[in-house]
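Participant: Handing you a structure now.
The values are calculated or read from the model by the stated rules, or taken from the named source; none is laboratory data. Since this is a predicted model, take the numbers as computed values, not measurements. Every residue, glycine among them, receives a Cβ derived from its backbone with ideal geometry; neighbour counts consider all protein chains shown. Surface areas here come from the heavy atoms of the whole protein model, side chains and all, with no ligands, DNA or RNA. Shrake-Rupley method; radii C 1.70, N 1.55, O 1.52, S 1.80 Å.
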Amino acid sequence: MTRTPDCTLSDRLVELITDEGFDALPDLMRITINAAMQAERQQHLQAAPYERTAERRGYANGFKPKTMTARIGKVTFAAPQVRDGSFYPQALEKGVRSERARTLSLAEMYVQGVSTRKVAVITEQLRGVELTSTQVSRAAAQLDTVLEPWRTRPCGVMPYLLRDARYEKVRIDGQVRDAAVLIAMGIAAAGKRTILGASVSVREQEVHWRQFLQRLLARGLSGVQLITGDAHTGLQAARAACCGGVPWQRCQFHLRQNAQAYVPRQELKTEVAADIRAIFTAPNRHEADALLTRIVQTYATTASKLATWPETALPEGLTVFAMPPAHRTRLRTVNGLERLNQEIRRRTHVVGGFPNEASCLRLISALAMETGDEWEAGKIYLTL
């Protein structure tokens, strides 16, 4: 590029500032920074333009336009270059650091549950810089450099694995679809909880679950003694394919909810709920099986569907009796993931529909990583 001549504060610019006041600030900043950068290049080269000197350390190589977003708006500077590429002006480097800080601030607002449009409005009010929701989304994408290493970190030995699924609205090919959000929580040998990973996809659930589990195994997940989760068909098929030899505990909380669909009369619901609770809180498996048999016999004539369902469904919720008594309360449901899911719902409700799977995964991974860090730094969840 040709050499930029506006290195001094000209009479014309002084007149412009006098006439326009603060509106002339972008031009004033551009010329002042350009002059400072050229002086900095001369100091780096140890020579002024066209000067012959034995101390010269290289040669100038024109200028390159560099647009920065400052508090007064976007300004395009003429960044001086040298032939060997060994020079970058400190004035722009500090501007880049400021831009990175702004980007991280935007990303943090997004993760905290502020919608992209609201983030744009807040930024305009505080900095006088107008941003679009697309620019905010791009800023949030900078989180991927932090989240990707977290999603691919080694898993290690996890005696207990708990899994849950929920759905978020995601726009795919112009249509809003339900994307499955899969989350896995592990309890390590030290007794602390950790979020092993999260995945978002609109693919068939069995394929999605299977690939998710395969990724966990590829990351070194091992030593699993019990898997707790709901009875999703896709989850069950994936578990059988990837971890077929590991015992499965069906979430007792979901079982109690499922049972209500088989109660024929409203007045029976409280009684049925108490009967099922008695089974799950029995002192041992033998007593639980005896209570189950009694329930089937009790409702055989008054509620035939209710009598048939427990024979196949409830035993799936009794696997936990094979675990140490002190562990059963923590392992019989996926309620350990409920706090995280509540926080996810609170923040995704603000976002509404996601523009793609990647943006949904980004927000959920950030929340999962944040929660996982709190768990790992907190108290022991389960004494193994």
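Participant: From the protein chains alone at 1.4 Å, what is the descending order of accessible area for Thr53, Thr270, largest first?
Facilitator: Thr270, Thr53
Participant: With contacts defined as alpha carbon pairs under 8 Å and 6 or more residues apart, what's the relative contact order of segment 165-266 in percent?
Facilitator: Relative CO of segment 165-266 lands at 18 percent.
Participant: Would you mind counting up the charge near Thr152? Only other residues with Cβ under 9 Å from its Cβ, with Lys and Arg at +1 and Asp and Glu at -1.
Facilitator: +3
Participant: Take Ala48 and Gln342, extend 7 Å from each Cα along the Cα→Cβ direction, and tell me the distance between the two endpoints in nm.
Facilitator: Between Ala48 and Gln342, the simple spin-label model gives 7.1 nm.
Participant: Whole-Hz ³J(HN,Hα) for each residue in segment 196-210, computed from phi via Karplus 6.51 cos²θ - 1.76 cosθ + 1.60 with θ = phi - 60°, x for glycine and proline: what do you get?
Facilitator: Along segment 196-210, the couplings run 6, x, 9, 8, 10, 6, 9, 5, 3, 4, 4, 4, 4, 4, 5 Hz.
Participant: How far is it, in nm, from the label point at Ser222 to the one at Ala313 when both lie 7 Å from their Cα along the line to the Cβ?
Facilitator: For the pair Ser222/Ala313, the computed spacing is 3.9 nm.
Participant: Sticking with this structure for a sec: Can you work out the Karplus-derived ³J(HN,Hα) for every residue in segment 185-193? Use 6.51 cos²θ - 1.76 cosθ + 1.60 with θ = phi - 60°, whole Hz, and x for glycine or proline.
Facilitator: 10, x, 10, 7, 4, 7, x, 9, 7
Participant: Okay, next question. Mind checking the full-extension length gain between Ala278 and Arg203? Use 0.36 nm per residue of separation minus the Cα-Cα distance, one decimal, nm.
Facilitator: 23.1 nm
Participant: Related question: In debye, nearest 20, what is the charge dipole magnitude of segment 169-295 about its Cα centre with +1 on Lys and Arg Cβ and -1 on Asp and Glu Cβ, if you could check?
Facilitator: So the magnitude is around 400 debye.
Participant: Once fully extended, how much extra length lies between Thr233 and Arg171, figured as 0.36 nm per residue of separation less the alpha-carbon to alpha-carbon distance?
Facilitator: Contour length minus Cα-Cα distance gives 19.8 nm.
Participant: Just how much of Ser222 is accessible, in Å², when a 1.4 Å probe is used and the result is rounded to the nearest 10?
Facilitator: Rounded to the nearest 10, that gives 50 Å².
Participant: For a quick check: with amide H placed at 1.01 Å from N, whose amide H comes under 5 Å from Val181's, ignoring anything fewer than 5 positions away on the same chain?
Facilitator: Excluding prolines and chain starts, which carry no amide H, the hits are Arg166, Tyr167, Glu168.
Participant: What full-extension length gain, to one decimal in nm, is calculated for Thr293 and Glu267 as 0.36 nm per residue of separation minus the Cα-Cα distance?
Facilitator: Answer, rounded to one decimal: 7.2 nm.
Participant: Sort Tyr88, Tyr167 by accessible area with a 1.4 Å probe, largest first.
Facilitator: Ranking Tyr88, Tyr167 by accessible area, largest first, yields Tyr167, Tyr88.
Participant: Name the shape class, rounded, prolate or oblate, that the alpha-carbon gyration tensor gives for segment 134-270, where a ≥ b ≥ c are the square roots of its eigenvalues, rounded holds for a/c under 1.5, and otherwise prolate holds if a/b is larger than b/c and oblate otherwise.
Facilitator: Oblate shape, in that a/c is at least 1.5 and b/c is the bigger or equal ratio.
Participant: Residue by residue through segment 366-383, what is 3J(HN,Hα) from phi via Karplus (6.51 cos²θ - 1.76 cosθ + 1.60, θ = phi - 60°)? Round to whole Hz and write x for glycine and proline.
Facilitator: Ordered by residue, 3J(HN,Hα) equals 4, 5, 5, 5, 4, 5, x, 5, 5, 4, 5, 8, x, 6, 5, 7, 8, 7 Hz.
Participant: If you don't mind, there's one more thing I want to ask. Taking H as built 1.01 Å from N, whose amide H comes closer than 5 Å to the amide H of Ala198, not counting residues under 5 places away?
Facilitator: none
Participant: Given charges of +1 on the Cβ of Lys and Arg and -1 on the Cβ of Asp and Glu, with all other atoms neutral, how large is the dipole of segment 323-380 about its Cα centre, in debye to the nearest 20?
Facilitator: 300 debye
Participant: Need one number: nm distance between label points at Gln214 and Ala241, each 7 Å from Cα along Cα→Cβ, rounded to one decimal.
Facilitator: Distance between the two pseudo-spin positions: 0.7 nm.
Participant: Can I ask one more? In terms of modelled amide H atoms, which long-range or inter-chain residues lie less than 5 Å from the amide H of Phe77?
Facilitator: Lys66, Thr67, Met68
Participant: If a paramagnetic tag sat 7 Å from the Cα of Asn356 along the Cα-Cβ line, which residues of segment 197-224 would have the backbone N under 19 Å from that point?
Facilitator: From segment 197-224, the list is 199-203.
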